[in-house]
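Asks: Below are the structure tokens for one structure; questions will follow.
The values are calculated or read from the model by the stated rules, or taken from the named source; none is laboratory data. In this text the structure is predicted, and so the values were computed from the model without any measurement. Here the Cβ is made from the backbone with ideal geometry for all residues, glycine too, and neighbour counts use every protein chain on show.
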Number of protein chains: 2
Amino acid sequence: MEFRLADALEVLESTPATFRALMGGLSEAWTAPNEGPETFSAFDNLGHLIHGERTDWIPRARIILAQGPNRRFEPYDRFAQYRESQGKSVAQLLDEFERLRAENVTTLRGWQLSERELALEGEHPGLGPVTLRQLLAAWVAHDLGHVAQTARVLAKQYREAVGPWREYLPVLDR
Amino acid sequence: MEFRLADALEVLESTPATFRALMGGLSEAWTAPNEGPETFSAFDNLGHLIHGERTDWIPRARIILAQGPNRRFEPYDRFAQYRESQGKSVAQLLDEFERLRAENVTTLRGWQLSERELALEGEHPGLGPVTLRQLLAAWVAHDLGHVAQTARVLAKQYREAVGPWREYLPVLDR
């Protein structure tokens, strides 16, 4: 599928509601556990997306659009949410994510990006030269990856409870 | 995590809204493609869940609760949705799933299952003896597995569009 901004916006605008539906009605017994050391709980996934709204996607898009002498992105802290989410509830994080995403989508729409702008490049600290188009596609895929990851970590809490069904439910051992 | 009916209901009641948020705002360019032969598109995932509401979870629970002489479940048709969803829109399927799930959750709540009932057994055609508790846990994990699968097949549509980010987005190659 070719990247088109209108398609990307469909996903970017849906993700806060997806997380609200997926996690908003769940008790901590579901949202707190993770998949082992250095992995994310459902709660951590949400905090990670919030950190991305603040520091990753739109700030990096700004660096690309500015086309200044230094187009290198700041490295991204994959574990920032362990600090930043402390003491917050799932409900607070869902509200925060919804608000930040809405602001960022408004910013993105406001740019009315041209094909020429989508082809501009920045410098990823680990991946090298990347275009704005690739950055926006990665934002979308990153959202969906964390929806999948969140559903998976929730499912794994029932890895034992399903008994013999484990064999038919590959998500429990992924 | 031990199985508790109240926890299971939290997920079972959330899933229709999760699919509505995840897919309701997407164009066919997102929802129609699959991951290759004999795999499910986002559209197929939703149809598969609907088929399960009609023929799988609650009908199997009834077989267990009846404790008749034949407690063997009917085999489940994993590809029934290719027929049953034909000519329907995502919006129609979302409504149908929401309605069927609400009915099934009402049925499940109405049973007011005791620990004794949760331990009753049926006969899975492929897995052998399974308890009602395991069936209900599998229903929950199956929901979450299909949320993960749907998010993954959507993400994969941008496998090429993300360019070098593919390396950082394991969901694109899972």
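Asks: From (1) touching a Lys or Arg at 6+ places or on another chain (Cβ under 7 Å); (2) buried (at least 17 other Cβ atoms within 10 Å of the Cβ); (3) closer than 21 Å to A:S14 by Cβ, pick out the condition that doesn't hold for B:E53.
Replies: Failed condition: (3).
Asks: Report whether or not B:L93 is surrounded by 13 or more Cβ atoms within 10 Å (Cβ to Cβ), more than 14 Å from chain A (Cβ to nearest Cβ) and touching a residue at least 40 places away in the same chain (Cβ under 8 Å).
Replies: yes
Asks: Take B:P75 and decide whether it is surrounded by fewer than 13 Cβ atoms within 10 Å (Cβ to Cβ) and either closer than 30 Å to B:L22 by Cα or within 19 Å of the chain's Cα centre (by Cα) (or both).
Replies: yes
Asks: Inspect segment A:107-116 for any residue being modelled with pLDDT of 95 or more and within 12 Å of chain B (Cβ to nearest Cβ) and give the result as yes or no.
Replies: No - not one qualifying residue is present in segment A:107-116.
Asks: Name the pairs: first residue in segment B:122-135 and closer than 11 Å to B:E74 by Cβ, second residue at pLDDT below 95 and not in a strand (DSSP E or B), Cβ to Cβ under 7 Å, at least 6 apart or on different chains?
Replies: Final answer for the pair search is B:P125/B:P75.
Asks: From the residues in segment A:120-131 that are surrounded by fewer than 22 Cβ atoms within 10 Å (Cβ to Cβ) and of a type outside the set (V, I, T), which one is farthest from the other protein chains (Cβ to nearest Cβ)?
Replies: A:L120
Asks: Given the condition modelled with pLDDT under 95 and either of a type in the set (D, E, K, R) or within 17 Å of B:S14 (Cβ to Cβ) (or both), answer yes or no: does some residue in segment A:65-74 qualify?
Replies: Yes, that holds for at least one residue.
Asks: Still on this model: Against the definition (surrounded by fewer than 22 Cβ atoms within 10 Å (Cβ to Cβ), more than 7 Å from chain B (Cβ to nearest Cβ) and either under 30 Å from B:A137 (Cα atoms) or of a type outside the set (F, W, Y) (or both)), how does A:R101 come out, yes or no?
Replies: no
Asks: Being of a type in the set (S, T, Y) and closer than 13 Å to B:V147 by Cβ is the filter here, so list the residues in segment A:144-174 that pass it.
Replies: Within segment A:144-174, just A:T150 meets the criteria.
Asks: Which is of a type in the set (D, E, K, R), free of Cβ contacts under 8 Å to residues at least 60 places away in the same chain and at positive phi, of A:E74, A:E38?
Replies: Testing whether each residue is of a type in the set (D, E, K, R), free of Cβ contacts under 8 Å to residues at least 60 places away in the same chain and at positive phi leaves just A:E38.
Asks: Given the options B:S27, B:S14, name the one that is over 13 Å from the mean Cα position of the chain (by Cα) and either modelled with pLDDT of 95 or more or over 30 Å from A:E35 (Cβ atoms) (or both).
Replies: On the way: B:S14 fails: over 13 Å from the mean Cα position of the chain (by Cα).
Answer to the selection: B:S27.
Asks: Moving on to the next point. Just the residues that are over 17 Å from A:A148 (Cα atoms) and more than 7 Å from every other protein chain (Cβ to nearest Cβ), please, taken from segment A:3-32.
Replies: A:R4, A:L5, A:A6, A:A8, A:L9, A:E28, listed by residue number.
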